[in-house]
Amino acid sequence: MRIAVFGANGLTGRRLTDQALAAGHEVVAVTRRPGSLPARPGLAVAVAAATDPAAVDAAIGGTDAVLSALGARFSKETITTYSASATVITRAMARHGIKRLLAVSSSIADPNWRPTGAHFFNHVLDPLVNRRLGRTLHEDMRRMEAVIRQTGLDWTSVRPSGLFEHLVVTDYHTAETSADGVFTARADLAASMLRELAERRYVRTAMGVITTSMKPNIAKLIWEGVKKK
């Protein structure tokens with residue numbers, strides 16, 4: 001399969017690109033910084049901002065599916081990265097007749113998400129970090145999901161919990177709407193997206209994904225979230 005990956009030079013996008021190539025897919029890595037991606041067999045690089053209609057249209061031509069791992073930093077200002085890019089990407093997909101879309105969102109997009117047994121997270125970290133410091137970011141994720149839902153595409157909103165780095169894929173868990181857990185390794189997030197691309201269990205709905213076999217350093221996780229989602 002030929003896959004367009006937006007945000008390919010980001011932390012999740014790199015995992016997604018590596019795993020897709022290892023699985024035998026052809027990958028079109030869509031990025032504004034082409035020099036950050038080393039040349040490899042099966043990899044093509046398209047230089048484009050995800051909010052540039054002409055550049056996006058050119059980048060996704062000839063692909064079979066689009067996977068978005070775009071991200072933005074926490075900010076007090078209004079964030080439009082997610083919703084604006086979703087508008088441009090979905091319109092370009094419709095023009096090309098590309099149906100399959102998977103876009104990284106967040107468990108926070110589910111208003112009822114409260115991990116079981118995570119008292120400190122639910123009552124301290126989540127209100128402070130996600131719903132205060134990350135308020136504008138998560139508001140735009142919800143706008144992105146609304147844009148995607150209104151299309152006729154075969155979409156999946158992929159909702160990880162707190163993202164952290166781990167070198168290998170673990171025994172992760174997925175669930176419809178959101179998953180009951182606090183953390184998600186980026187390797188597991190990427191693996192879940194590629195599995196969903198093949199299995200199509202969560203078409204036109206949200207897929208929660210969590211890592212169950214380990215937990216990251218919480219202080220480091222918060223710092224990474226503040227720097228870049």
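Explain nothing, just the number: relative contact order of the chain, from Cα pairs under 8 Å at least 6 residues apart, as a whole percent. Relative contact order of the chain: 20 percent.
Peptide packing for 182-188, 26-32, 53-59 was compared via the average number of neighbouring C-beta atoms within 10 Å per residue; ordered from the highest value, the list is 182-188, 26-32, 53-59.
Here the range 91-186 is assigned +1 on the Cβ of each Lys and Arg and -1 on the Cβ of each Asp and Glu. Its dipole about the Cα centre then comes out at about 460 debye. About the centre of its Cα atoms, the range 16-132 shows a dipole size close to 240 debye [charges on the beta carbon of Lys, Arg (+1) and Asp, Glu (-1) only; nearest 20 debye].
Neighbours of GLU199, meaning other residues whose beta-carbon lies under 14 angstrom from its beta-carbon, give a summed charge of +1 when Lys and Arg score +1 and Asp and Glu score -1.
What a 1.4 Å probe finds exposed on the chain is 53% carbon and sulfur by accessible area, rounded to a whole percent.
Restricting the GluC sites (Glu not before Pro) of the range 108-185 to loop positions (DSSP other than H, G, I, E, B) with no more than 14 neighbouring Cβ atoms within 10 Å leaves GLU165. What angle, in degrees between 0 and 90 and rounded to the nearest 10, separates the Cα long axis of helix 135-149 from the longest principal axis of the Cα atoms of the chain? Taking the Cα atoms of the chain, the angle to 135-149 is about 50 degrees. Compared with the dominant principal axis of the Cα atoms in the chain, helix 81-96 is inclined by about 30°.
Specify whether the C-alpha gyration tensor of the range 65-223 places it in the rounded, prolate or oblate class, a ≥ b ≥ c being the square roots of the eigenvalues: rounded for a/c under 1.5, otherwise prolate if a/b is larger than b/c and oblate if not. Oblate. Taking a ≥ b ≥ c as the square roots of the eigenvalues of the Cα gyration tensor of the range 131-219, is the shape rounded (a/c under 1.5), prolate (a/b larger than b/c) or oblate? Oblate. Charging the Cβ of each Asp and Glu at -1 and of each Lys and Arg at +1, and nothing else, the dipole of the chain about its Cα centre rounds to 420 debye. For the chain, the solvent-accessible area of protein heavy atoms averages 46 Å² per residue (probe radius 1.4 Å; ligands and nucleic acids excluded).
The values are calculated or read from the model by the stated rules, or taken from the named source; none is laboratory data. Keep in mind that this is a model prediction, so the values were computed, not measured. Note that each Cβ is placed from the backbone with ideal geometry, even for glycine, and that neighbours are counted across all protein chains shown. Keep in mind that these areas ignore ligands, DNA and RNA; they rest on the heavy atoms of the full protein, side chains included. Shrake-Rupley method; radii C 1.70, N 1.55, O 1.52, S 1.80 Å.
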